[in-house]
Every structure is written in structure tokens, then in C-alpha cells.
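Data block below; observations after.
The values are calculated or read from the model by the stated rules, or taken from the named source; none is laboratory data. Worth saying up front: this structure is predicted, and the values here are computed from it rather than measured. Backbone-built Cβ (ideal geometry, glycine too); neighbour counts: all protein chains shown. Heads up: the accessible areas ignore ligands, DNA and RNA and are worked out on the full protein's heavy atoms, side chains in. Shrake-Rupley method; radii C 1.70, N 1.55, O 1.52, S 1.80 Å.
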Amino acid sequence: MAFTYRYATEADVDAIVSIEEASMSNPWNRDNYLEAVNSDHAFIMVAADDDIIAGFAVFYLTPPESELPDIVVAESYRGKGLGKALLSQSIAALKAQGIDTIYLEVRVSNTPARTLYSRLGFEEIGKRKYFYSNPVEDAICMSLRIEE
């Protein structure tokens, strides 16, 4: 499959919310995504399969740093390397905007995501006790220094 990667627009928000609600135990709401799409301090990168949104990643920008609070690949597209490609495209976009470090939290139990982040060079920098709810779980804090 050939995906295109681009910044999300308001027209993509309903598809993003649908993916989020199908995948997450504590989903963000529509307003959270609209705010990110319309902010000068955030963006959402989407992976599109023709006109279908297959996955997305949200980034908050506080140059020279950024935070990755949400990344989701639709269930039907998982296991095909899309998460890695989406993050790689996003990292290139962040680098072009002068970002040199990305931070994120991930559930301790989310082995696929932790493996993906490690493969892309993210390192564990700490732990947050009881960070997640539904179910309550610790978070692993990770960071990636984007190379020049």
C-alpha cells in the first residue's frame, strides 16, 4: 500500500475521532483534535490510503521541543509498518520546524508501541506512577533527540 502523509485539516477530524474512539480506552474528543488542527503550536500528521485516514499522530510544539500525546493506527492497517512510517514522516516535519527533541508517555503494557519507539531511537527517561486511567497504569516516559 502506498500512503500519503500530510497535515490534518478540519475535514479529517471526524475520521480521526472515529479511529481514536475505536482504539483507545480514554479517547480524546472532537474539540481536542479541532484545537490541534487549528493551533500554531500543534499539528496532526495523517497517513492516508487514498481518501481514507489510516492513522494519525498529534504533536504539541514548544520549540525546540515537542510532545507526542497521541498516535493511533486504525486496526485494519496495523502490523504493516504504518506506525513507523507515520512517525518517520512526522520526525522529518518536526526537524524542518527546528524541533530537536520529542517527548512521549506510553502505557507500561503497550509492548507494540514501546517496541516501535525503541526501534526509532526513543530512550526511556523515567516512569509516571498511575498516569493512565481505565485501567489505571503507569507510564514509561521516553524521549528522542532528533539528529542534525
Evaluation of P135 against (1) more than 14 Å from P69 (Cβ to Cβ); (2) assigned to a strand (DSSP E or B); (3) in contact with a Ser or Thr (Cβ under 9 Å, 6 or more places away or on another chain) (one fails), failing number: (2)
Of residues in the range 39-52 being more than 19 Å from E75 (Cβ to Cβ) and without any contact (Cβ under 8 Å) to a residue 24 or more places away in the chain, the one most open to solvent (accessible area, probe 1.4 Å): D40
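Can you tell me which of A93, A47, A85 is within 22 Å of R119 (Cα to Cα) and part of a strand (DSSP E or B)? Break it down into steps so the answer makes sense when it comes.
On the way: A93 fails: part of a strand (DSSP E or B); A85 fails: part of a strand (DSSP E or B).
Exactly one residue qualifies, and that residue is A47.
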Neighbours by Cβ (under 7 Å, 6+ apart or cross-chain): first from the range 11-38, open to solvent by 50 Å² or more (accessible area, probe 1.4 Å); second of a type in the set (S, T, Y): N26/S133
Any hit, the range 129-144, residues being within 24 Å of Y7 (Cα to Cα) and free of Cβ contacts under 8 Å to residues at least 12 places away in the same chain: no
Residue tally, condition more than 16 Å from the chain's Cα centre (by Cα), open to solvent by less than 40 Å² (accessible area, probe 1.4 Å) and closer than 20 Å to V58 by Cβ, over the range 102-136: 0
Selected residue (only one of V17, V46 is more than 24 Å from Y132 (Cα to Cα), among the β-branched types (V, I, T) and at pLDDT 95 or above): V46
Filter result for K95 (over 21 Å from V17 (Cβ atoms), over 16 Å from the mean Cα position of the chain (by Cα), in contact (Cβ under 8 Å) with a residue 40 or more places away in the chain and open to solvent by 90 Å² or more (accessible area, probe 1.4 Å)): no
